[in-house]
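What follows is a set of notes on a single structure, which appears directly below.
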Amino acid sequence: MNYPKRDHQLHHRADRGFTLVEMLLVLVILSTLAAVIYPNMAKHGLRARITATKTQMQVLRTALSQFEMDNDHYPQGRNGLLELVQRPRDAKNWRGPYLEKKVVPKDAWGRDFIYESPGKHSPESYDIVSLRPDGVEASEDDIASWQPDN
């Protein structure tokens, strides 16, 4: 009849839960894993946003080329991208909207692209710039249409 007493002792031990040392050990392990994994994930996240922004920029370039073929000029001024989805007053051959969703896309950081035509860097056409997360124009991390890899 010693068996019930033993089961009671085991059951009592299981009710205690984790010791402070066990909890601290789990926290140390989770913190170490987070410290190793997070920087790698952040790098991949940034790379994915850059790629998505370059892809959006290419979609805009294609739409701008179609607009230019129909109208013999690129949309003018800083708000010219709106002319890809809204018929400009002076357009005679506008066959838009030139963007599939009828909305001018934003970059991967949720910012509007900066468009200028004629461009400072491409005076015969246009400049398109994404300011990336810093939001500062003309900083070294901008993604721009005149850069060789865009």
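Summary table below
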| quantity | calculated |
| --- | --- |
| Odd one out for G110 among (1) closer than 17 Å to Q58 by Cβ; (2) open to solvent by 20 Å² or more (accessible area, probe 1.4 Å) | (1) |
| Of all residues making up segment 68-91, the number that are open to solvent by 80 Å² or more (accessible area, probe 1.4 Å), at pLDDT 85 or above and more than 22 Å from K120 (Cα to Cα) | 3 |
| Among residues of segment 119-149, those that are touching a residue at least 24 places away in the same chain (Cβ under 8 Å) and within 18 Å of E68 (Cβ to Cβ), counted | 8 |
| Residue count for segment 93-129, restricted to those that are of a type in the set (K, R), assigned to a loop (DSSP other than H, G, I, E, B) and under 16 Å from T51 (Cα atoms) | 1 |
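The values are calculated or read from the model by the stated rules, or taken from the named source; none is laboratory data. All of these numbers come straight from a predicted model, not from anything done at the bench. Methodologically, a virtual Cβ is constructed for each residue, glycine included, from the backbone with ideal geometry; neighbour enumeration extends over all protein chains shown. Calculation scope for accessible area: heavy atoms of the full protein, side chains included, ligands and nucleic acids excluded. Shrake-Rupley method; radii C 1.70, N 1.55, O 1.52, S 1.80 Å.
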